[in-house]
Amino acid sequence: MARPARAAFVTLLTTALCAGLVSGARAVPASQQATRQAPPVLAPAATEGAAPTAAGAGKALATILKDPSLGAHRGIYVYDASRGKPVFSVGAATPYTPASTLKLLTTVAALAALGPDHTFATKVVSTGKSSIVLVGGGDPLLTVKPSANDGFPARASLQALAASTAKTLKAQGIASVTLGYDASLFTGPAVNANWEPNYVPEGIAAPTSALWVNEGRLSPGMAKRSTAPAQSAAVSFQKLLTQYGIKVAASTRAAVAPAGAKPIAQVKSPTVGQLVEYVNLHSDNDGAEVLLRHVGVATGNGGSYAGGVKGLRATLTKLGLDVSTARIYDGSGLARGNKVPLDLLAGAVRVAASKQHPELRHLLTGLPVAGFNGSLRERFGAAGTGPGTGVVRAKTGTLTGVHSLAGYARTRSGTLLVFAVASDSVPVPKTLDARASLDRATAALANCGC
């Protein structure tokens, strides 16, 4: 697929920077490193020309928004983040089923409630001379063993935890233990009552747990999930301990570790900022549900999905976002009962881009790039979408009959536009046409001199 000149320039410049070809910089002696700074590669983006207007945006979007493939309930909301004011909206008076664009609300709340540098620890604690408990800390990306296919971010593993645990036990002269597992950080039903009944059996989502590996998958990369992910994680840990020379009693059991139990080993998750980038780039349902429950815990509302939603709403309100007309039932957007106004979806991006909230920037940096990566890798290939390629960054939302995009683009005049565009009434045979129309709408904003 041919790339527009502006997108191609951005891509080539990035490649050149990584290869050290743009600056021609040489190594700086240690004695000079404290006083010398590299000059900026690019000047800061400046807002030039006339501000976008409702009339201009409406003209650029008029034909696209009339596309019958979008169904009866379609709309768009556009906000000028460079000047701090709404620009244009149509069909935004009523909320929409957001699908996975809801993850923007979950992840911005996680950044606000927990902080971008926060991590989650998976621990082994001692509860007696020869008794240990594996304690889940709600690491959504915990894996059994590191793999070359894991990608970014680097994941904590049970293998590393088992190696450290075995080393400590041997140093204490302990060669045989009983093993319990504790997933009590999260409470309430593991499966959201508002989901479709096929979601878990088909592997669209897993029973949410504070202790799992490979997001509850029975095999890495496969959809099939364990019905008891915490126990499955404990069994994997048991086998690893055995491989490291520690004899483990045959049965593992659920337990609640005493509050003062001393950790003998632990591994830490990627930071919340990195997890937010991962969840939004890959539209990870399970990671979003884990982050929702962490928001519940962090806000004092508990680790259930209901507590998470309560904490989510409170956190968004503190950020100045109006949630009064929103109905929210989960963190991933899988629940069809979710109804969210377009200005609220765009609002999550708006606050993340604001000068007042630098702690929320990971929301922006993790959004897929149109035509290049994540859930937008295979998008922006239709006629009229070229100006958005490499320029639009957005979270996708997809359910049967539901399609949405929410994110941002910088126009040719330098204005940063934040947008949310959606339809939740797409005829199924028109799915690809509707997605292309949404892509065209955001590309028109990126190309707008309006």
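FYI, it's all coordinate maths here, none of it is from the lab. The shown structure was predicted, so the numbers you read here are calculated from the model rather than taken from an experiment. Glycine gets a Cβ as well: all are built from the backbone with ideal geometry, and neighbour counts include every protein chain shown.
Observations, loosely collected:
- Overall, the ratio between the Cα radius of gyration of region 332-450 and 2.2 N^0.38 Å, rounded to two decimals, is 1.03.
- Mean Cβ neighbour count within 10 Å, used as a protection proxy, ranking 319-325, 86-92 highest first: 86-92, 319-325
- Pairwise FRET efficiency - I204 versus K167, Cβ, R0 = 41 Å, nearest 0.05: 0.55
- Rounded to the nearest 20 debye, the dipole size of the chain about its Cα centre is 600 debye, using +1 on the Cβ of Lys and Arg and -1 on the Cβ of Asp and Glu.
- Partner lysines for K167 [C-alpha distance under 20 Å; skip if fewer than 8 residues away on the same chain]: K123, K129, K145, K239, K247, K262, K268
- The order of D343, D439, going from fewest to most other C-beta atoms within 10 Å of their C-beta, is D343, D439.
- Nearby lysines by direct alpha-carbon distance to K339 (threshold 25 angstrom, same-chain neighbours under 8 apart not counted): K66, K85, K103, K310, K318, K395, K430
- Longest exposed-site-free window of the chain, the sites being trypsin sites (Lys or Arg not before Pro) in a DSSP loop that have at most 11 other C-beta atoms within 10 Å: 130-354
- Label assignment, Cα extents along the principal axes in Å derived from the structure, set [x] 76, 55, 39; [y] 79, 52, 50; [z] 75, 62, 40: [z]
- Our note on the geometry: Cα centres of region 328-348 and region 159-230, 28 Å apart.
- Virtual spin-label span in nm between S251 and D117, 7 Å along Cα→Cβ: 4.6 nm
- Charge dipole of the chain about the Cα centre (unit charges at C-beta), most positive-ward option of P86, Q243, L376: Q243
- Cα-based helix-to-principal-axis angle, 229-243 vs the chain, degrees rounded to 10: 50 degrees
- CD proxy at 222 nm, helix term only [per DSSP H run n ≥ 4: -39500 (n - 2.57); per residue of the chain; nearest 500]: -9500 deg cm²/dmol
- The residues Y244, Y77, when put in order of fewest to most other Cβ atoms within 10 Å, stand as Y244, Y77.
- With neighbour counts taken as other beta-carbon atoms within 10 Å, the residues H294, H282 rank, fewest first, as H282, H294.
- Put simply, the convex hull of the Cα atoms in region 316-370 casts, on average, a shadow of 4.6 nm².
- Where the Cα pairs of region 121-270 fall when distances are cut into 10 Å bins, in %: 12, 42, 33, 12, 2, 0
- For region 238-301 and region 383-402, distance of Cα centres in Å: 34 Å
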